[in-house]
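Below is one structure, written out as structure tokens; the observations come after it.
Each reported figure results from applying straightforward, stated rules to the coordinates on display, with no laboratory input. No experiment lies behind these values; they were computed from the predicted model shown.
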Amino acid sequence: MSFLSRIFRVFGNSRTEGNETIEIPRVGNKEPVCPHCSIALDKMPGRKKKCPSCSEFIFVRTCPEERVKVLVREDQIELIEKKWAIENGAHEQFLAENRDREAIKNQLMSQGIDSPTDLDVKWQQLKASLPKLASEYKWGLYRNARLGMGDVLKKQGKLSEALDTYLEVCFIDLNGPNNCGTKDPEILKMLPPFDPKSAFLAPGVLGYIEKMCKELNVKPEDLGSRFISLSSEVEHQLKLPISAEEAWKELSGELR
Ligand SMILES: [Zn+2]
């Protein structure tokens, strides 16, 4: 931690609710100082901008304790949002989520993971949500959960697994997932679980795939067989209307 961010890192609010006390560290710089490299900026940015010195993104949020603008890193946004959730009276939900997180942490530790990280917990939460979303025919949200799992793998540096997950997301996207929320056949006639006519490939995901193929040195022809083999399984599992081969024709046309 840099000298300046150490100065600004003052431990903030402690709240007592029932017999539970939560200590939440205070985050963000009230002064125009980059939260990454601690360089002094010309003026306080009004919104998200790149640091002229370290080129990292600086985010602007309002500090819930003092109601002033603070400069934070992307990884600190969640903490600020949690604080706002408390401020806005969503404290009960916050506690429930905390308990859920703790339960998952304990579960992971019982499986032999010594000190599960927030990313481990997030991955587990997303994974656990899949069967429920599938059984409720919420295929758009199912796809989002798989995307979230890919993001966790990417942040953990598990690039090969992340690439496979992003390829799966593209395959689901090419099948046009819908959030039906029901298995009522009358409704499914109008809103099918998958409708390739509403297919859409997310440019962000395509960008991740291109970048990872470069980093992992995956050749285009190998990417095709990789996609088809993993998608064939998903096609069968989720009963998708577009085949893996057809989807690859579409996807390969979109990738550079
Ligand atoms: Zn900087």
Cα-based reach from residue 197 at 16 Å (exclusive), listing aspartates and glutamates while leaving out same-chain residues under 8 positions away: 173, 246, 250
Amide H within-cut-off set for residue 181, under 5 Å, with H built and near neighbours excluded: 138, 139
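Using the Cα gyration tensor of the stretch 136-254, with a ≥ b ≥ c the square roots of its eigenvalues, what is the shape: rounded (a/c below 1.5), prolate (a/b larger than b/c) or oblate (neither)?
prolate
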Set of lysines with alpha-carbon distance to residue 127 below 17 Å, sequence-local pairs under 8 removed: 105, 138, 154, 155, 158
Dimensionless Rg/Rh of the chain - Kirkwood Rh, Rg from C-alpha atoms: 1.03
Inter-part distance where the stretch 81-125 and the stretch 49-64 are each reduced to a Cα centre, Å: 26 Å
